[in-house]
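Since every read-out is calculated from the coordinates, none of them should be taken as a lab result. For clarity, every value in this text was computed on a predicted model and none was experimentally measured. In this analysis, Cβ positions are derived from the backbone assuming ideal geometry, glycine residues included, and neighbour counts consider all displayed protein chains.
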Amino acid sequence: MTEIKARECVAVGLTLNGATITGQAEPRMLLSDFLREECGATGVHVGCEHGVCGCCTIILNGVAARSCLVLAVQAEGAVVETVESLAEADGELNALQESFRKHHALQCGFCTPGILMSLTELLRRNPKPSQEEVVSVVGGHLCRCTGYTNIIDAAMDAINRGGDEGL
């Protein structure tokens with residue numbers, strides 16, 4: 001009889017939403033699963049696990065990234081931001097989130113965290129993007145509920161009101 005050896009876990013340390021986090025991950029564990037299961041960042045949604053839908057988008061070392069395409073061990077020492085980082089500690093929404101609420105830019109909400117993170121990264125790079133730039137960023141996400149119009153309207157409203165504040 002052949003003995004099957006259990007996979008060994010590796011320690012992974014990163015900065016998550018401003019806090020230093022250390023957890024254990026199997027070498028093949030996806031960052032999306034590590035963030036949800038080990039770190040409790042359940043705002044990271046897992047949709048396709050192929051990088052297509054955008055639900056798992058985070059900001060990794062300042063750049064929007066699909067966390068389902070990154071291994072947890074690859075994030076060792078990284079700075080990771082998830083949707084949980086956007087609102088204030090008291091729960092007050094930032095300008096972009098408030099615009100999403102105001103414009104009913106979500107229905108089921110499954111895709112919303114990823115879209116918010118992609119737009120946040122865009123607004124950090126370019127506080128006054130054109131509508132075409134917003135459409136391009138949002139176009140990298142799959143949403144089955146909204147038809148995207150309210151999402152674009154919400155983003156443009158936040159931009160026109162100075163929505164880069166607090167991002």
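One table, with the values for the structure above:
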{"read-out": "Residues S67, S118 arranged by fewest to most Cβ contacts within 10 Å", "value": "S118, S67"}
{"read-out": "Centroid-to-centroid separation of region 22-90 and region 124-150 [C-alpha atoms, Å]", "value": "21 Å"}
{"read-out": "Derived scalar couplings ³J(HN,Hα) [region 128-141; Karplus, 6.51 cos²θ - 1.76 cosθ + 1.60; whole Hz; x for Gly, Pro]", "value": "10, x, 6, 4, 5, 5, 5, 4, 4, 5, 5, x, x, 10"}
{"read-out": "On Cα atoms only, tilt of 112-125 relative to the major axis of the chain in degrees", "value": "70 degrees"}
{"read-out": "Neighbourhood charge, 12 Å Cβ-Cβ cut-off, centred on G62 and excluding it, Lys, Arg +1 and Asp, Glu -1", "value": "0"}
{"read-out": "For V10, distant residues with modelled amide H under 5 Å away", "value": "A25, E26"}
{"read-out": "Order of D153, D90 under a 10 Å beta carbon neighbour criterion, fewest first", "value": "D90, D153"}
{"read-out": "In nm, spacing of pseudo-spin labels at S136 and E88 (7 Å Cα→C-beta vector)", "value": "3.4 nm"}
{"read-out": "For the chain, with +1 on Lys and Arg beta carbons and -1 on Asp and Glu, the positive-most of H104, A41, L86 along the dipole", "value": "H104"}
{"read-out": "Loop-exposed trypsin sites (Lys or Arg not before Pro) per DSSP, neighbour cap 14 Cβ within 10 angstrom, longest uninterrupted part of the chain", "value": "29-143"}
{"read-out": "Calculated [θ] (222 nm, deg cm²/dmol) that DSSP helices of n ≥ 4 give over the chain, each run adding -39,500 (n - 2.57)", "value": "-7500 deg cm²/dmol"}
{"read-out": "Which of E3, E132 has the fewest Cβ neighbours within 10 Å, and the rest in rising order", "value": "E3, E132"}
